[in-house]
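Since the structure comes first, as structure tokens, the remarks are kept for the end.
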Amino acid sequence: MTTGQRPGEDVLQSEAFVTALACAALFYVPVMMMFWFAPRSRLARDRAGKALFFSFFACLMNWRAFLAYGTVTAAATLVLPFLALSGLMLASGGALAVPVMSLVFPLLMLLLPTLFASFYVSYRDVLASQ
């Protein structure tokens with residue numbers, strides 16, 4: 001990324017790249033935890049720092065629920081559509097590659113509103129009762 005050029009296949013499959021990717025994901029988790037409930041909490045007239053603080057600790061206290069939520073969300077929005085579209089591609093022998101790939105956007109239009117609605121439900125279940 002720093003050179004402005006596309007890396008080769010050997011770089012993308014190297015152990016250093018995978019390690020860097022894992023470290024970035026690990027460091028991003030606390031940031032995600034701080035911002036999960038903060039916007040909704042901020043709308044409830046909390047200060048920004050307080051909203052970030054309570055969001056982080058609400059996620060930390062409910063880590064098991066969020067682990068299950070993340071697993072189900074990943075399966076519903078990544079794995080199942082991938083398997084369905086791959087199955088259609090394989091069944092057609094690759095002849096329907098363009099029509100099958102054109103189903104990605106409508107599928108996202110169906111799944112993403114459901115995902116975003118689940119954000120509010122998680123807020124309501126974790127913070128609204130306090």
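Cβ-Cβ contacts under 7 Å between residues 6 or more apart (or on different chains), taken from a first residue in the range 19-35 that is farther than 15 Å from Phe53 by Cβ to a second residue that is in a helix (DSSP H, G or I) and of a type outside the set (D, E, K, R), are absent. The single residue among Phe56, Phe17 that is surrounded by 10 or more Cβ atoms within 10 Å (Cβ to Cβ), among the aromatic types (Phe, Trp, Tyr) and farther than 30 Å from Arg124 by Cα turns out to be Phe17.
Is it true that Ser86 is over 20 Å from Ser122 (Cβ atoms), open to solvent by less than 60 Å² (accessible area, probe 1.4 Å) and hydroxyl-bearing (Ser, Thr, Tyr)? The answer is yes for Ser86.
Just to be sure, is Phe119 open to solvent by 50 Å² or more (accessible area, probe 1.4 Å), modelled with pLDDT under 85, assigned to a helix (DSSP H, G or I) and within 19 Å of Ala44 (Cβ to Cβ)? In short, yes.
In the list Thr71, Thr77, which residue meets the criterion of being open to solvent by less than 100 Å² (accessible area, probe 1.4 Å) and touching a Leu at 6+ places or on another chain (Cβ under 8 Å)? Unique residue meeting the criteria: Thr77. For Val31, indicate whether it is β-branched (Val, Ile, Thr), open to solvent by less than 60 Å² (accessible area, probe 1.4 Å), part of a helix (DSSP H, G or I) and at negative phi. Against the criterion (β-branched (Val, Ile, Thr), open to solvent by less than 60 Å² (accessible area, probe 1.4 Å), part of a helix (DSSP H, G or I) and at negative phi), Val31 qualifies. Residues that are at pLDDT 85 or above and among the charged types (D, E, K, R): does the range 64-84 have at least one? Yes. If you check Ala44 against the conditions, is it touching a Leu at 6+ places or on another chain (Cβ under 7 Å) and either under 26 Å from Asp125 (Cα atoms) or surrounded by 13 or more Cβ atoms within 10 Å (Cβ to Cβ) (or both)? No: the conditions fail for Ala44.
The values are calculated or read from the model by the stated rules, or taken from the named source; none is laboratory data. The structure displayed is predicted, hence computed values, not measured ones. Because the Cβ atoms are built from the backbone with ideal geometry, glycine has one as well, and the counts that use them run over all protein chains shown. In case anyone asks, the SASA skips ligands and DNA or RNA and just uses the protein heavy atoms, side chains included. Shrake-Rupley method; radii C 1.70, N 1.55, O 1.52, S 1.80 Å.
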